Amino acid sequence: MAWQNSTRRARLPRNWPLLRRRVLHRDGYVCQARFSEGQLCGAPATDVDHIEAGDNHSMANLRALCAWCHKQKSSSEGGTAAALTRVRTERPKPTHPALED
């Protein structure tokens with residue numbers, strides 16, 4: 001389950017169900033994600049997404065997304081966050097065998 005190791009649900013405001021309904025209604029239950037060409041996804045929206053990650057739950061920072069677009073965005077953000085915590089080690093630069101003494 002996606003929420004298993006996350007504190008995100010606990011950080012949602014008490015009125016989250018109301019905010020969620022308002023956002024879905026405002027956006028006409030249509031996914032607001034834009035593809036790289038600028039085209040609106042337009043699929044039926046079931047999820048509400050924070051445009052900018054964090055705990056800003058204002059209506060301006062929330063939008064309706066379809067499940068597929070929300071999963072893609074969340075996966076991308078999770079991968080980026082995981083990359084920031086990885087320890088990078090430098091390997092010695094290999095030299096060409098013909099250049100070794």
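Bear in mind these aren't lab numbers, they're just calculated from the coordinates by the rules spelled out. This is a predicted model, so every value here is computed, not measured. Cβ placement follows ideal geometry from the backbone for every residue including glycine, while neighbour counts extend to all protein chains displayed.
With axes computed from alpha carbons, what is the tilt in degrees of helix 16-26 against the longest principal axis of the chain, rounded to the nearest 10 within 0 to 90?
Between the helix axis and the principal axis of the chain, the angle is about 80 degrees.
Compute the Kirkwood hydrodynamic radius of region 38-80, taking the inverse of the mean of 1/r over all pairs of distinct Cα atoms, and give it in Å to one decimal. Don't skip to the answer; put the middle values down first.
Numbers: mean 1/r = 0.0905 Å⁻¹.
Kirkwood radius, region 38-80: 11.1 Å.
Placing +1 at every Lys and Arg Cβ and -1 at every Asp and Glu Cβ, with all other atoms neutral, what dipole size does the chain have around its Cα centre, in debye to the nearest 20?
On the way: 16 positive and 10 negative charges, 127 e Å.
Taking the Cα centre of the chain as origin, the dipole is about 620 debye.
Can you compute log10 of I(q)/I(0) for the chain with the Debye formula, treating each Cα as one identical point scatterer, at q = 0.16 Å⁻¹?
-0.77
How far is helix 67-85 tilted off the main Cα axis of the chain, in degrees rounded to 10, range 0 to 90?
Helix 67-85 sits at roughly 40 degrees to that axis.
Sorting check: for 10-17, 21-28, 62-69, which peptide has the highest mean count of neighbouring beta carbons within 10 Å, and how do the rest follow? Working shown, then result.
On the way: 10-17: 10.2, 21-28: 14.4, 62-69: 20.1.
Result, highest mean Cβ count within 10 Å first: 62-69, 21-28, 10-17.
In the chain, what cysteines have no partner Cβ closer than 4.7 Å?
69
List the relative contact order of the chain as a percent without decimals, with contacts defined as Cα pairs under 8 Å and 6+ residues apart. Intermediate results must be reported in sequence, preceding the final value.
Numbers: 90 pairs, mean separation 21.3, N = 101.
Relative contact order, the chain: 21 percent.
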